[in-house]
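The values are calculated or read from the model by the stated rules, or taken from the named source; none is laboratory data. Just so it is clear, the model here is predicted, and its values are computed rather than measured. Cβ placement follows ideal geometry from the backbone for every residue including glycine, while neighbour counts extend to all protein chains displayed. When the accessible area is computed, the model is the full protein with side chains, heavy atoms only, and any ligands, DNA or RNA have been set aside. Shrake-Rupley method; radii C 1.70, N 1.55, O 1.52, S 1.80 Å.
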Amino acid sequence: MKLTLGEIAHSLNLELKGDPSILITGLASINDAGPDQLSFLFSSAYQIHLKDSAAAALVVRAEDAEHCTQPHIISKQPRLTWAQVAAMFDPKPLPNLKLHESADISPTASCGSEVTVGANAVIESAVRLDHGVVIGPGCVIGEGVTIGEGSVLSANVTVYHGVKIGKNTLIHSGAVIGADGFGFEFDGRGLVKIPQIYSVDIGDDVEIGAGTTIDRGALKDTVISNGVKLDNQVQIGHGVFIGANTAISGCSAIGGSTKVGSYCLIGGGVGIVDNIEVTDQVEITALSLVSQSIKQKGRYSSGTGLLPGNIWKRSIVGFSKLNEILQRIRKLESRIGK
Amino acid sequence: MKLTLGEIAHSLNLELKGDPSILITGLASINDAGPDQLSFLFSSAYQIHLKDSAAAALVVRAEDAEHCTQPHIISKQPRLTWAQVAAMFDPKPLPNLKLHESADISPTASCGSEVTVGANAVIESAVRLDHGVVIGPGCVIGEGVTIGEGSVLSANVTVYHGVKIGKNTLIHSGAVIGADGFGFEFDGRGLVKIPQIYSVDIGDDVEIGAGTTIDRGALKDTVISNGVKLDNQVQIGHGVFIGANTAISGCSAIGGSTKVGSYCLIGGGVGIVDNIEVTDQVEITALSLVSQSIKQKGRYSSGTGLLPGNIWKRSIVGFSKLNEILQRIRKLESRIGK
Amino acid sequence: MKLTLGEIAHSLNLELKGDPSILITGLASINDAGPDQLSFLFSSAYQIHLKDSAAAALVVRAEDAEHCTQPHIISKQPRLTWAQVAAMFDPKPLPNLKLHESADISPTASCGSEVTVGANAVIESAVRLDHGVVIGPGCVIGEGVTIGEGSVLSANVTVYHGVKIGKNTLIHSGAVIGADGFGFEFDGRGLVKIPQIYSVDIGDDVEIGAGTTIDRGALKDTVISNGVKLDNQVQIGHGVFIGANTAISGCSAIGGSTKVGSYCLIGGGVGIVDNIEVTDQVEITALSLVSQSIKQKGRYSSGTGLLPGNIWKRSIVGFSKLNEILQRIRKLESRIGK
């Protein structure tokens, strides 16, 4: 892939300062970019790196442009420009728009136009794949699943019966959508399974990471709203509701029937317990445990800071004595008076 | 699916108060249920919702019945009744009891009666599938695996050579049973692999969630006892023993050679380190780390509560000074006397 | 599998004390081993178990030999000897060195000699599989992937386009290599995807556990250096660099663009945030959060110790008051003077 700097600036409708005939073959960070690559100044804090960058050209904000001696494209939002330019250079293979002869497609499944089904994929009965849907090799799509226009499932995704997936949604390999929620009732001897008879309803413009699991509901559908982004190895329990445009980082888990609001940012490895509500625009830092509902937007954390092993060992002893510490301070205060 | 209220009550042998001819088409929670759905009052604490429920009928305890003006079924354990009624309305497709022509089944594998093998599944040599076993599409069952009567593997499950699976066990998609345990020995230059030559032995009535991984043993089999329930994305190390009827929630991990007792409840995201023992009837709350053996039944936790970001930052500074705090208190106490 | 004790000692070039004709059929731990099994004394601390061991023979250090009345092999490193003997008794099926007729192999893929491709595997265009590579059943290998001599992919592994894998690397089932990193930019309404146009570069002698996910990079390749060992369900973000011979235990996650040094030991369930650096020879204990760069080798921890539920509840109240506790101590100190 090769584009001239002029072609790039023109297609983005952005101002170019410098020779439009320079050939660009790819992108890299400001420190790594070579003489045929475009780079980006995402923050004025990194202006110092401009002078040593070997990049052919840079995308910068207007206020940083005067410090840039290389050819540059001026953008109000360099990170959004990055997203657009990266799409031009993406080496991802295009779908081949055919149903592979080794795929097992039920005669009762319906495929819209320009649908791709990869090798050895399995499409069960009554599935509906809309225009432009891509099903990767090795995927298994259960009975009655519907997948909206333009959605893409990478290789080896599993979707259980009855799941609904919206438009322009991307699901990565190893993800499992619609397995049974974890519901049992103790009958005095053992754990009796509660059949998980509802399903999963995924909106438009959702992205679901590799190895992520989203369980079907027991008393209502599990809902992933439009624009939600789930990283790899996220676990969503049965009956959970995730509000629009919320992003959840890798290895986080949301307990059953919990409702998470819109525009939340959930860090990696976070646990949110079952049956609570987290309001809109809440940010949770990595590895925190949310054990109660959060009613006010803002940033929340749990856990302790990282410490060298020997200091940590003494601190965890102190932690177990915190109630005693409070009592001893109260005693001291009462003895020496106010 | 449609059943009359009378048919439901009769099949469960429970008392019905109200018109037995009412048609029921499904289940929902007390607040969500519509006029053709059955609902449940799981706890007297929710009696307040009875009067506004639009449910066609409810399942209630005898002591709540007088507050219920709708038709109702009286049950001593509404949650167990829920499990039974949900099974009546479960839309899960039935297995088709045939070996799919695209499956690759070794001539030395043996299949009992009424076995289902899905499209593109792979059954290696010397596998034994007992009566009624269901192998989903895309599963790979390694050499010499045995699977007991009535067990079901959803699509895209992987089982390594030599694993034993009992009766009526359910394994969800993406689970991997019998991969190598994590065992290496440093030889002064790098990490030398210790071959994991034992296997995994899974009992009867076990459920294993989507994406869960159970490693094979190095010096003995990894054992999952009868009635154990593992949620999604659980990790079980090599040589672990899990006692009967223990339930482990999503994203928890059990380190190698650790023994967990029977009837334990392990929350989500819990870590239990290797080479320890947790006795029977232990409850661990979500995201806790168990770093030593637990010898007494009861409930245990680690971690800190969730705090707003600014308070949390000050608290983690205090945490790192807990040893100093204890010393300063001791000094104060000695100065002002006992 | 049966070997005489003499054959084992001879092949390892180690000294045997006892009858070389004793037949050995397998290995087990010192307490579990039966009269036809070999066992190991890994540490002098377990000498006490020697006298009750029913093992046919033991591998011991010279300094423990006098306490061993059974036949024994003398080794300077019994754990390394264990690794070697286990390899002799490993029942793992050998690859069959053929391309299975049900595999879908692109005509533009190239396979070296003695390559195995399992049933229903999919090999896309321009893939290169070197001498002795094994691709398990159900694997999907994307366009342009290269896999070096002797590397083995177990069943149902997914590798995206353009990924490079070195020699003698082992990847377990359910692993996903090269899915998109988690990169989005908020444009005022929703989250715009940043295409992840770089790839993943995995070295030689690497092991990758079941269900582990390694994302492709956005501005540079994600790099897994030679000799790295990743346990199950590990998550590696885009653009991460892992140094040689580092081992990462199950369910840990490394945030995007973070660099982890060589010879590190990362415990289970650890989170390392994005855009930081961890130097060589750092050890992190299980379930710790690393939220800042670590510049000095050593052992680090975060979190609190496990406590019985009632004590824990009082301690987390104290934790939220740690800033207040410090202030009250300061006040007491100033009131009673130095």
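Taken over segment C:294-323, the criterion of being open to solvent by 70 Å² or more (accessible area, probe 1.4 Å) and either more than 9 Å from chain B (Cβ to nearest Cβ) or at positive phi (or both) is satisfied by C:Lys295, C:Gln296, C:Lys297, C:Arg299, C:Arg314.
Restricting attention to segment A:195-217, the residues being under 27 Å from A:Phe184 (Cα atoms), open to solvent by 10 Å² or more (accessible area, probe 1.4 Å) and more than 7 Å from every other protein chain (Cβ to nearest Cβ) number 3. Of all residues in segment A:128-137, exactly one satisfies the criterion of being within 24 Å of C:Ala121 (Cβ to Cβ) and surrounded by fewer than 24 Cβ atoms within 10 Å (Cβ to Cβ), namely A:Val134. Evaluating C:Ala179 against the criteria (1) more than 8 Å from chain A (Cβ to nearest Cβ); (2) in contact (Cβ under 8 Å) with a residue 12 or more places away in the chain leaves one unmet condition, (1). Within segment C:220-253, the set of residues being part of a strand (DSSP E or B) and open to solvent by 30 Å² or more (accessible area, probe 1.4 Å) comprises C:Val223, C:Phe241. Count of segment A:138-175 residues, restricted to those that are of a type in the set (Val, Ile, Thr), away from chain C (no Cβ under 14 Å) and either open to solvent by 10 Å² or more (accessible area, probe 1.4 Å) or out of contact with any Cys (no Cβ under 9 Å at 6 or more places or on another chain) (or both), is 6. Would you check if C:Ala45 is out of contact with any helix residue (DSSP H, G or I) (no Cβ under 9 Å at 6 or more places or on another chain), more than 30 Å from B:Ser106 (Cα to Cα) and of a type outside the set (Val, Ile, Thr)? Yes.
Answer yes or no as to whether C:Val192 is surrounded by fewer than 24 Cβ atoms within 10 Å (Cβ to Cβ) and away from chain B (no Cβ under 14 Å). Considered against the rule, which asks whether it is surrounded by fewer than 24 Cβ atoms within 10 Å (Cβ to Cβ) and away from chain B (no Cβ under 14 Å), C:Val192 comes out as yes. Being farther than 17 Å from B:Val228 by Cβ and in contact (Cβ under 8 Å) with a residue 40 or more places away in the chain: is that true of B:Gly256 here? Yes: the conditions hold for B:Gly256. Of the residues making up segment B:273-293, those that are outside any loop (DSSP other than H, G, I, E, B), facing another protein chain (nearest Cβ under 9 Å) and open to solvent by less than 10 Å² (accessible area, probe 1.4 Å) number 2. Within segment B:1-13, the set of residues being out of contact with any helix residue (DSSP H, G or I) (no Cβ under 7 Å at 6 or more places or on another chain) and under 14 Å from B:Gln84 (Cβ atoms) comprises B:Glu7, B:Ala9, B:His10, B:Ser11, B:Asn13.
Note on segment A:324-338: residues that are in a helix (DSSP H, G or I) and either more than 7 Å from every other protein chain (Cβ to nearest Cβ) or open to solvent by 40 Å² or more (accessible area, probe 1.4 Å) (or both) amount to 9.
Regarding B:Asp187, is this residue surrounded by fewer than 24 Cβ atoms within 10 Å (Cβ to Cβ) and at positive phi? For B:Asp187, the condition - surrounded by fewer than 24 Cβ atoms within 10 Å (Cβ to Cβ) and at positive phi - is not met. Among the conditions (1) over 30 Å from C:Ser315 (Cα atoms); (2) facing another protein chain (nearest Cβ under 7 Å); (3) open to solvent by 20 Å² or more (accessible area, probe 1.4 Å), the only one that A:Tyr263 does not satisfy is (2). Based on this model, can you work out whether A:Gly256 counts as outside any loop (DSSP other than H, G, I, E, B) and either closer than 22 Å to B:Cys251 by Cβ or out of contact with any Asp or Glu (no Cβ under 8 Å at 6 or more places or on another chain) (or both)? So A:Gly256 fails the test. Scanning segment A:293-320 for residues that are farther than 19 Å from B:Arg314 by Cβ and more than 35 Å from the chain's Cα centre (by Cα) yields A:Asn310, A:Lys313, A:Arg314, A:Val317, A:Ser320. For segment C:8-24, the set of residues classified as surrounded by 18 or more Cβ atoms within 10 Å (Cβ to Cβ) and farther than 20 Å from C:Lys76 by Cα consists of C:Ile22, C:Ile24, listed by residue number.
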